[in-house]
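The values are calculated or read from the model by the stated rules, or taken from the named source; none is laboratory data. Predicted model, so just to flag it, every value in this text is computed and none were measured. Note that we place each Cβ from the backbone using ideal geometry, even for glycine, and neighbour counts take in every protein chain shown. These area figures cover heavy atoms from the full protein model, side chains too; ligands, DNA and RNA do not enter into them. Shrake-Rupley method; radii C 1.70, N 1.55, O 1.52, S 1.80 Å.
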Amino acid sequence: MEQHWWQQTNIYQVYLRSFYDSNQDGIGDIQGVIQKLDYLKGLGIGVIWISPHYASPMDDNGYDVSDFYQVSPDYGTIDDFKELLDKAHSMGIKVITDLILNHTSDEHQWFVAASNPFHPEHHKYHDYYIWQPPKNDEQGQKMRPTRWMGWFGSPAWTYNEATNEYYLHIFSKKMPDLNWRNASMRQEMKEMIRYWIQLGVDGFRVDASNHLEKNWEFPDDFPGYHHFSSLPKHHEYLKELGSDIFVPMDLLTIGESGGASKEEALQYAGYGSNEFNMLIQFGHCWADVDDSNSVLMGKWAQGKLRLSSIKESFQNWYEMLENVGWNVIYWHNHDQPRIVSHYGNDSTYWFESASMLAVALYLMPGTAICYQGEEIGMTNVDYQELSMFKDVEVFTEYQNMLAKGLSHEHIMTIIRARCRDNARSPMQWSEAAYGGFSKVSPWMPSNGNYLTINVKNQLNQPTSILSLYQHLLNQRLSNENITHGKITFLDVSSQKDFSYLNTGTTEEYLVLCNFTSSKIMKSLNGLNLANYSLIYNNYFTLQNLENEQELLPYESQVWKRVISQ
Ligand code: GLC
Ligand code: CA
C-alpha cells in the first residue's frame, strides 16, 4: 500500500469571507484565520484549505479572480498571507489554497485586453478566451451561438459589442472561460502556480477542474453541459500541471469533478496518475433530488432522501480506488446546504442528527475534509428577505423560478433549503452580537440561532458536537485502522440506516447509524458479534449488541473490537 503524509491528516475548509473578522469591517480575513489557528489545532486539523484569497470584484466571492498575484484587500495583504503560512507551519499545519483555472474575472487584465480590439495587447490575449460570432435569426437579429446554459442558471454566452462576438462563461457572465488550448495561457498559469508554491503554499484545491476543455464544434444543444464537462482532453491539461509542477514539488492536490467512471477516477486520483492526490466528487451530495419534477431542474427539485444512493456512491468510490488510489471523505462544502439541515433534522433532533452524521462520516477510510461550522452543527440560514442572500446564483435562479410561475413564498422556501448561501453565513463563535464573528454588521447576515449554536457553548463540553468532532478528527490523525481500513456496508439498499464495518489491521469498527426520526430495529444477523465494546453512543446510554439492535431516532453507535493477529 502506498503511504503519504496527506493520507493521515484532516483538512478544514475555511470560507475566508465568513470565518473570522479581525479588523471589524464585517468581512472575514487572513488575520482572522491566524487568530483561530489554536482552535483548529485543537480540532485535529493538519491542513487548512482557504477559499479564494485573490484580488476579485467578488461577483462569486473570489472565484472570479482579477489578479492571481494579489491578495484581495478585503482579506489583508501579502504579508498577512506569509504570516499565516509561517504561523501555520510552525504549528505543523499545512495551508492549501483554491486554484481557479477554468476562468478569470471579466476585470482581469487578460480579458480587458481580449475584449477590446484597440487594446495594444488585444491580439495576444483574445485567444486566451473562447469567442464565437453571433448567429442570426430569421429577422437578422443577433443570437447566441448555442443554447448552452451556465451552472448558475443563465445562458453561457454574453455578447461583447466591441468585437461583435460572444464569449463563453459556464458560470456567471463576469467569469469568462479560459481557452486551455492556448499554450501561452497555460504557461502563464504555471508561472502563477509556481509563485504561490515558492511563497510556501503546500498545495491546491483545483476549482472546476473537469471543465477545462470545451467542445469546439459548439453544437447547439440545451442545456449542453456535456459539451463543457469532463471531456477527455481536460486530463491532458491536468497531467501537464501534474508532471511539470504538482508531482515534482510533492504538493497536496485535490481536484473537483461532478462524477467519474472508474477509468476517470484513476486518472484523477490513482497513485502515479500525475493529476491529483484526491478528488472532490459530488456522488453523495444531492441524494434527495426529485428527477421526475418537470418544473424545477437539478438540485432545486427537492424530493425524498434516498439514503441508499449515498451509500452506493461511497461504496463505488471505495471500490474504484481500492489499493490503486486515495479517497477523500466529506459531507459538504461552500456549494451545498448545511449537512444537519440537509440530511439530518435541525429542529427536534438537532444534536442527535448532527452527531450521527459526524459518526457516519468520520469513521470511514480516506482523508477527511470538515467544512467550517459543521463541527458545531451550524444549520441552514433563516433569512426571510431575498435581499439577505448574497450568492449570484440565488438571483438568477429566483428569476428563473418566477418565470416558471412559482410564487415568491414558494421560491423562498426552495432557496432556503437548497442554495449555497446556507453554508456561507458567518461562523458562530459565541453568543455575542453577530455570533462573535465581527463587532460590526457582517457582509452577510448571521444566522439568528448563534445564541445557542456557537463554539463557546460547546468548547470543553464533553458531550457537545464540537467535542465529538475533536475526538473523531484527532483519532484520525494517528489511527490507521480508520483512515486505511477496508469498509463493508451492511445493507446498502436500506433507506433507514447507514451502517458499516471498517476493518483495519488491528482494530475493527462497527458503526450503526439511524438516519430517520423514528426508532428502528437493525438486523445484525450473520455478523459475529463477539468481542465488540461500545465506544460511542450519541444517546450516552450503555447498550448490549444484539442480533436485532434497537436504534432510537438518529442514534449512532460505534462498536470496536481488537483483531487478533
Ligand atoms: C466551484 C466552486 C464554486 C464556484 C465555481 C466557479 O464549483 O466550488 O463555489 O462558484 O467553481 O468557480
Ligand atoms: Ca476584516
> Of the residues Gly258, Gly283, which single one is closer than 16 Å to His211 by Cα, open to solvent by 10 Å² or more (accessible area, probe 1.4 Å) and touching a helix residue (DSSP H, G or I) at 6+ places or on another chain (Cβ under 9 Å)?
Replying inline: Gly258
> Is it true that Ser115 is under 25 Å from Ala162 (Cα atoms), touching a residue at least 12 places away in the same chain (Cβ under 8 Å), more than 12 Å from ligand 1 (Cβ to nearest atom) and not assigned by TED's automatic domain parsing to the domain that holds Glu191?
Replying inline: yes
> Looking at (1) polar (S, T, N, Q); (2) out of contact with any Cys (no Cβ under 9 Å at 6 or more places or on another chain); (3) within 16 Å of ligand 1 (Cβ to nearest atom), can you tell me which one Gln35 breaks?
Replying inline: (3)
> Just checking, which of Lys456, Lys390 is in a loop (DSSP other than H, G, I, E, B) and either closer than 30 Å to Gln8 by Cβ or not assigned by TED's automatic domain parsing to the domain that holds Thr503 (or both)?
Replying inline: Lys390
>> Just the residues that are touching a residue at least 40 places away in the same chain (Cβ under 8 Å), within 16 Å of ligand 2 (Cβ to nearest atom) and under 14 Å from Leu84 (Cβ atoms), please, taken from the stretch 18-68.
In response: Phe19, Tyr20, Gly28, Asp29, Ile30, Gln31, Val33, Ile34, Ile50, Ser51, His53
>> Suppose the filter is outside any loop (DSSP other than H, G, I, E, B) and open to solvent by less than 10 Å² (accessible area, probe 1.4 Å); does Ser355 pass it?
In response: yes
>> Return the residues of the stretch 430-443 that are in a helix (DSSP H, G or I) and surrounded by fewer than 19 Cβ atoms within 10 Å (Cβ to Cβ); say none if nothing qualifies.
In response: Ala433
>> Just to verify a result, which residue in the stretch 304-352, among those that are of a type in the set (Asp, Glu) and in a loop (DSSP other than H, G, I, E, B), is nearest to Asp207 (Cα to Cα)?
In response: Asp335
>> Can you tell me how many residues within the stretch 81-100 are surrounded by fewer than 19 Cβ atoms within 10 Å (Cβ to Cβ) and either of a type in the set (D, E, K, R) or within 16 Å of ligand 1 (Cβ to nearest atom) (or both)?
In response: 4
>> Residue pairs, Cβ under 8 Å, 6 or more apart or interchain, first in the stretch 348-364 and farther than 17 Å from Thr463 by Cβ, second β-branched (Val, Ile, Thr) and open to solvent by 10 Å² or more (accessible area, probe 1.4 Å). List them.
In response: Met364/Ile487
> Going by the structure shown, is Lys311 under 21 Å from Pro223 (Cα atoms) and touching a residue at least 40 places away in the same chain (Cβ under 8 Å)?
Replying inline: no
>> Looking only at the stretch 109-122, filter to residues that are more than 18 Å from Leu168 (Cα to Cα) and not hydrophobic (A, V, I, L, M, F, W, C); which one of those is surrounded by the fewest Cβ atoms within 10 Å (Cβ to Cβ)?
In response: Pro120
> Is it the case that some residue within the stretch 40-58 is out of contact with any strand residue (DSSP E or B) (no Cβ under 9 Å at 6 or more places or on another chain) and in a helix (DSSP H, G or I)?
Replying inline: yes
>> Take Asp38 and tell me if it is closer than 30 Å to Asp106 by Cβ and assigned by TED's automatic domain parsing to the domain that holds Asp421.
In response: no
> Which residue out of Glu385, Glu397 is out of contact with any Ser or Thr (no Cβ under 7 Å at 6 or more places or on another chain), over 20 Å from Tyr15 (Cβ atoms), open to solvent by less than 40 Å² (accessible area, probe 1.4 Å) and among the acidic types (Asp, Glu)?
Replying inline: Glu397
>> So, in the stretch 219-234, exactly how many residues are open to solvent by less than 50 Å² (accessible area, probe 1.4 Å), in contact (Cβ under 8 Å) with a residue 40 or more places away in the chain and under 21 Å from the mean Cα position of the chain (by Cα)?
In response: 2
> If you go through the stretch 416-429 one residue at a time, how many are open to solvent by less than 10 Å² (accessible area, probe 1.4 Å) and within 16 Å of Trp151 (Cβ to Cβ)?
Replying inline: 3
> Can you tell me which residues in the stretch 133-150 are within 16 Å of ligand 1 (Cβ to nearest atom) and surrounded by fewer than 22 Cβ atoms within 10 Å (Cβ to Cβ)?
Replying inline: Met149
>> Can you go through Ser499, Ser446 and tell me which one is buried (at least 19 other Cβ atoms within 10 Å of the Cβ) and assigned by TED's automatic domain parsing to the domain that holds Thr367?
In response: Ser446
> Residues of the stretch 191-209 being open to solvent by less than 10 Å² (accessible area, probe 1.4 Å) and either away from ligand 1 (no atom under 16 Å from the Cβ) or part of a helix (DSSP H, G or I) (or both), which ones?
Replying inline: Met192, Ile193, Trp196, Val201, Gly203, Ser209
> Considering the stretch 15-33 alone, what residues qualify as being open to solvent by 10 Å² or more (accessible area, probe 1.4 Å) and touching a Phe, Trp or Tyr at 6+ places or on another chain (Cβ under 9 Å)?
Replying inline: Arg17, Tyr20, Asp25, Ile27, Gln31
